Amino acid sequence: MSGAPTGGHPDRAPWWDQGWLMQTLFLAVVATGITGLISVLWPKTYRAEAKILPNQTGSVASSLIGLAAASGFGDLVSDQLGNRENPILTYPEILSSRSLLEKIAFSPYPPDSSRPGGTVMGSLGIRETDRLGVDKGIRRLGEITRIEANLRNGLVYVSAVTRDSVLSAYIVEQMLAQLDHFNVDTRSSRGRATREFLDARIKDARRELTEAEGALAMFRQTNVRIGNSPQLQLEQARLEREVDTRAELYRMLAREFEAARIEEKQDTPTFTVVDPAKPPVRKYRPKVLLNVLLALLCVVGARILVARIRLSQFRHVRLSEP
């Protein structure tokens, strides 16, 4: 009974009545049973996750800027080479970009060629290959993948959730492979651009050094004995400083030129896989126990709310009676 209170206690809460408790128990059993059955029959999903640690080694461009700044030539190269990026912030943006997700969508799946012509996009239920189908595939991959960066420990977490445990792990593996491929190509392009820039600067630095050395040699030939002439001594000191400065700049550019040639040809991984993605054994969703508990809380909460409303209405009627 969930109507007006009885038994000589008009203000007694309805949820203490035996009828209200029995009705609530019945509804709770029905709701939790239906929720549990739906959760069991609902298609299972599996979540695969990988953890990577970006390699924090500085590029040639960043090291060149540091050396130039320490030598007093920071303005000379900073505008040409730019600043170093933070992979903790850039990796999530690269992994979630449309170009990378499009490559994942057209990756062959299964990888063992048991189904020729199969792709990741087809395994996700998208059969169209036109522009609309590609857009649907990219959006679908964006929904089932998640990239998180932890600035405290420097790790980047990449995960995917699908109905196939092997497919989930494969998508994560392909994302990491495409990320490394992008980084290697970018590093090679940057190394080539840096090498070309340094090649031109080395030629200029060699010419300027030669001119400074020629000026110093000419001064010494024309002023064999500077004696006690302060003006000649100052001029000689200025020319020697100019030679030292140009020589230091030339040596710095020569070292970085060799480093840029190495970076241009380097193909080592740009990050370390701390925890690789593996096909999960346990399902990720649906979570039967959690769904049942939520259904139970919803039923009890709704019953209490309705009972409170009806009790308030009953009190209002009692107070309005003459």
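Can you pull out the trypsin sites (Lys or Arg not before Pro) in segment 163-192 whose DSSP state is coil and whose Cβ has at most 11 other Cβ atoms within 10 Å? Answer in residue order: no site qualifies. In this rough spin-label picture, where each label sits 7 Å from Cα along the Cβ direction, the residue 305-residue 189 distance is 5.4 nm. For the pair residue 199 and residue 244, what calculated FRET efficiency results from E = 1/(1 + (r/R0)^6), where r is the Cβ-Cβ distance and R0 = 30 Å, to the nearest 0.05? Using R0 = 30 Å, I get an efficiency of 0.80. Spin-label model, residue 42 to residue 90: label points 7 Å out along the Cα-to-beta-carbon direction sit 4.0 nm apart.
The orientation-averaged projected area of the convex hull spanned by the Cα atoms of segment 135-273 comes to 14.5 nm². Once the C-beta distance of residue 221 and residue 254 is scaled by a Förster radius of 22 Å, the resulting FRET efficiency is 0.15 to the nearest 0.05. Here segment 144-286 is treated with +1 on each Lys and Arg Cβ and -1 on each Asp and Glu Cβ, and its dipole about the Cα centre works out to around 520 debye.
Once the C-beta distance of residue 135 and residue 26 is scaled by a Förster radius of 30 Å, the resulting FRET efficiency is 0.05 to the nearest 0.05. Annotation for residue 99 and residue 272: the two label points, set 7 Å from Cα along the Cα-Cβ direction, are 2.9 nm apart.
Here 244, 180 are placed in order of increasing Cβ neighbour count within 10 Å, fewest first, which gives 244, 180. Anything over 21 Å Cα to Cα? Flag those among 44/103; 136/283; 44/287; 51/287, in the order listed. The answer is 44/103; 136/283; 51/287. Multiplying the residue separation of residue 211 and residue 53 by 0.36 nm and removing their Cα-Cα distance gives an extension gain of 52.0 nm.
Just so you know, all these numbers are worked out from the coordinates, no wet-lab data involved. Just so we're clear, the structure is a prediction, and the values are computed from it rather than from any experiment. Neighbour counts are summed over all protein chains in view; Cβ atoms, including those assigned to glycine, are modelled from backbone coordinates with ideal geometry.
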